[in-house]
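Comments concern the structure below.
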Amino acid sequence: MSTARTVIFEAPGGPEVMKLVQRPVGDPGPGEVRIRHHACGLNFIDIYQRSGVYPLPLPHALGMEGAGIIEAVGEGVTHLGAGDRVAYAAAPPGAYCDARVMKAAQVCRLPDSIDFRTGAAMMLQGLTVEYLFHRTVPLKAGDTVLFHAAAGGVGLIACQWARALGIRLIGTAGTDEKCALAREYGAAEVINYEREDFVARVRDLTDGRGVDAVMDSIGKATFEGSLDCLRPVGMMISFGNASGKVPPFDLGILGAKGCLQLTRPTLFMHIAQQEKCQSMAAHLFEMVESGKVSIRIGQEFALEDVAEAHRQMEARTTTGSSVLTV
């Protein structure tokens, strides 16, 4: 049985708790594939898991997305074969490695026009944007959304996706440089939340009406303000906790602020069924191959430098997507 370098952690904590170890990699069973990675994606969910915000049984491997070559397929796998170029975002964590055996349902054939680094960088973030704009709340050309962290990996994809759909996206970021990057990638308006009151600015930009939807991966720091940016019966989409979990609140606030709607979706529920996952991935690949969406890889790290990668992500110094090369 061969082995592969794999990043694991044995107790929750900071970046220093991650270890690079050798682990056995066996043959795929029914419904499984063995994939040899060329690149792996980095995401904030990895930090939530490593730090204990999203508890995992320990010890556990980390990483939710990757791209590479199929080495072997198990019984019953019909949509993939040995030698196929593939990419995926999938649970359980374990993508920070040279090779792994995993369920085949969420592994998608990668078009030849998309390189492995881009494939690894785009799946979790791109599929997130796909469900935000197409499967969470009805949105149409001319609608306005507020998108926090617009210069991050998800944000830059969202800026372009919104532009392609004719949706007016107001993006927030923490520096003028990040605001400029979001505008370059398609944000109609940008707000530096370190210098401006984003609630007041959104109200000004919408002539007091408010936005149709807020897409918020920041969590605790922006939640209450985000509610105040919505039009009556607008939709608050909370899909991350970069600043910490949203604390408990009185549900009656939603009524008092204008009969607001609130949802807390997750990607992994959306892609749980193979047919739906493959359809979402095909849509994402179409957006990238058409040129409507380009994937900005702002940072690359070697697998052994994963701790530094996490430090930079937590310090909010990164832009676009980050990848590990293997």
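The values are calculated or read from the model by the stated rules, or taken from the named source; none is laboratory data. Quick caveat: nothing in here was measured; it's all calculated off a predicted structure. Here the Cβ positions follow ideal geometry from the backbone for every residue, glycine too, while neighbour counts run over all protein chains shown.
Observations, loosely collected:
- Inter-residue pairs, beta-carbon under 9 Å, first in the same structural domain as residue 177 (by TED's automatic domain parsing) and modelled with pLDDT of 95 or more and in segment 191-208, second assigned to a loop (DSSP other than H, G, I, E, B) and among the hydroxyl-bearing types (Ser, Thr, Tyr), 6+ apart: 192/175; 198/222; 201/193
- Within segment 113-128, considering residues that are over 14 Å from the mean Cα position of the chain (by Cα) and under 14 Å from residue 38 (Cβ atoms), the one surrounded by the most Cβ atoms within 10 Å (Cβ to Cβ): 116
- Given (1) in contact with a Cys (Cβ under 8 Å, 6 or more places away or on another chain); (2) surrounded by 24 or more Cβ atoms within 10 Å (Cβ to Cβ); (3) more than 24 Å from residue 307 (Cα to Cα), index of the condition residue 105 fails: (2)
- Of the criteria (1) outside any strand (DSSP E or B); (2) touching a residue at least 60 places away in the same chain (Cβ under 8 Å), which one residue 213 fails: (1)
- Flag if residue 162 is at pLDDT 95 or above and in a helix (DSSP H, G or I): yes
- Of the criteria (1) without any contact (Cβ under 8 Å) to a residue 40 or more places away in the chain; (2) at positive phi; (3) of a type in the set (Gly, Ala, Ser), which one residue 31 fails: (1)
- The residue that is nearest to residue 150 (Cα to Cα), among those in segment 289-326 that are more than 17 Å from the chain's Cα centre (by Cα) and of a type in the set (D, E, K, R), is 292.
- Pairing each residue of segment 39-51 that is assigned by TED's automatic domain parsing to the domain that holds residue 312 with any residue that is of a type in the set (D, E, K, R), provided the two are 6+ apart or on different chains, yields C-beta distances under 8 Å for 39/117; 40/65; 41/65; 43/65; 47/314.
- Yes/no for residue 300 being touching a Phe, Trp or Tyr at 6+ places or on another chain (Cβ under 8 Å) and either among the acidic types (Asp, Glu) or not assigned by TED's automatic domain parsing to the domain that holds residue 121 (or both): no
- Residue 57 in the same structural domain as residue 277 (by TED's automatic domain parsing), free of Cβ contacts under 8 Å to residues at least 12 places away in the same chain and either under 28 Å from residue 275 (Cα atoms) or more than 19 Å from the chain's Cα centre (by Cα) (or both): yes
- Test: residue in segment 282-296 that is modelled with pLDDT of 95 or more, farther than 15 Å from residue 124 by Cα, buried (at least 20 other Cβ atoms within 10 Å of the Cβ) and assigned by TED's automatic domain parsing to the domain that holds residue 40: no
- Applying the set (1) outside any helix (DSSP H, G or I); (2) surrounded by 15 or more Cβ atoms within 10 Å (Cβ to Cβ) to residue 49 leaves exactly one unmet item: (1).
- The residues of segment 131-153 that are buried (at least 24 other Cβ atoms within 10 Å of the Cβ), part of a helix (DSSP H, G or I) and modelled with pLDDT of 95 or more amount to a single one, 132.
- Any hit, segment 67-88, residues being touching a Leu at 6+ places or on another chain (Cβ under 7 Å) and either aromatic (Phe, Trp, Tyr) or closer than 20 Å to residue 240 by Cβ (or both): no
- Test: residue in segment 218-229 that is surrounded by fewer than 14 Cβ atoms within 10 Å (Cβ to Cβ), touching a strand residue (DSSP E or B) at 6+ places or on another chain (Cβ under 8 Å) and assigned by TED's automatic domain parsing to the domain that holds residue 172: no
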